[in-house]
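Note sheet for the following structure.
The values are calculated or read from the model by the stated rules, or taken from the named source; none is laboratory data. Note that the structure is a prediction, hence the values are computed from the model and not measured. Cβ: placed from backbone, ideal geometry, glycine included. Neighbour counts: every protein chain shown. With ligands, DNA and RNA removed, areas are computed over all heavy atoms of the protein, side chains included. Shrake-Rupley method; radii C 1.70, N 1.55, O 1.52, S 1.80 Å.
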Amino acid sequence: MAAAADRFATATDDPAYRDVIDLFIREEQRHGALLGRILDDAGIPRRQADWGDTLFRRLRHSITNIEVWTTPVVMVETLAMIYYNAIRRATGSPAIRAVCAQILADEVPHVQLQCERLAVLLHNRSRTRYRLTMLAHRALFLVVMLLVWAGHHRALRAGGYTWTHYRRTAYAKMNRAWQRMDPQRYVWT
């Protein structure tokens, strides 16, 4: 990821981008640490392996193209907002609610940042190629959304998300993200 961020920063004359990505990764690690402490304090053993997380990490570390890296990050971050809202709604624990509220607040600018970077990457594409890219995004999002449901449907249901509510909410949030990554929304100089 670091090499892809460096190439993007150089190509777009945005030297701060690498630092921004480092901050993004540290913030995500902070989220994990907060959640881990809650599990530790409650005496709940941490999962040693999760197929979804393992797959996402392997893909993330093997991808050297910033667009291909950023696209699933936007999708996962978008679905994380639904997931952490479900957890926040399902628990009576003030500590878990506070952590979920913090994660939810942090995810909004994460998605915005990554969508803006995708808009930069998509800026010089023809509208036909852009539409094909968005078609591929929609197919990938359907797969990611189904995988998240398969792995976390019990937690989502506990937070009040039926499949239909989850699907509608997921597409509503992702449609806003797709709008943010449309280069035509921006003024280019």
For the stretch 34-50, the count of residues that are small (Gly, Ala, Ser) and loosely packed, with under 10 Cβ neighbours inside 10 Å equals 2
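This table checks each residue for (1) touching a residue at least 12 places away in the same chain (Cβ under 8 Å); (2) open to solvent by 20 Å² or more (accessible area, probe 1.4 Å); (3) part of a helix (DSSP H, G or I).
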position: 76; (1), (2), (3): yes, yes, yes
position: 84; (1), (2), (3): yes, yes, yes
position: 89; (1), (2), (3): yes, yes, yes
position: 96; (1), (2), (3): yes, yes, yes
position: 102; (1), (2), (3): yes, yes, yes
position: 109; (1), (2), (3): no, yes, yes
position: 113; (1), (2), (3): yes, yes, yes
position: 154; (1), (2), (3): no, yes, yes
position: 160; (1), (2), (3): yes, yes, no
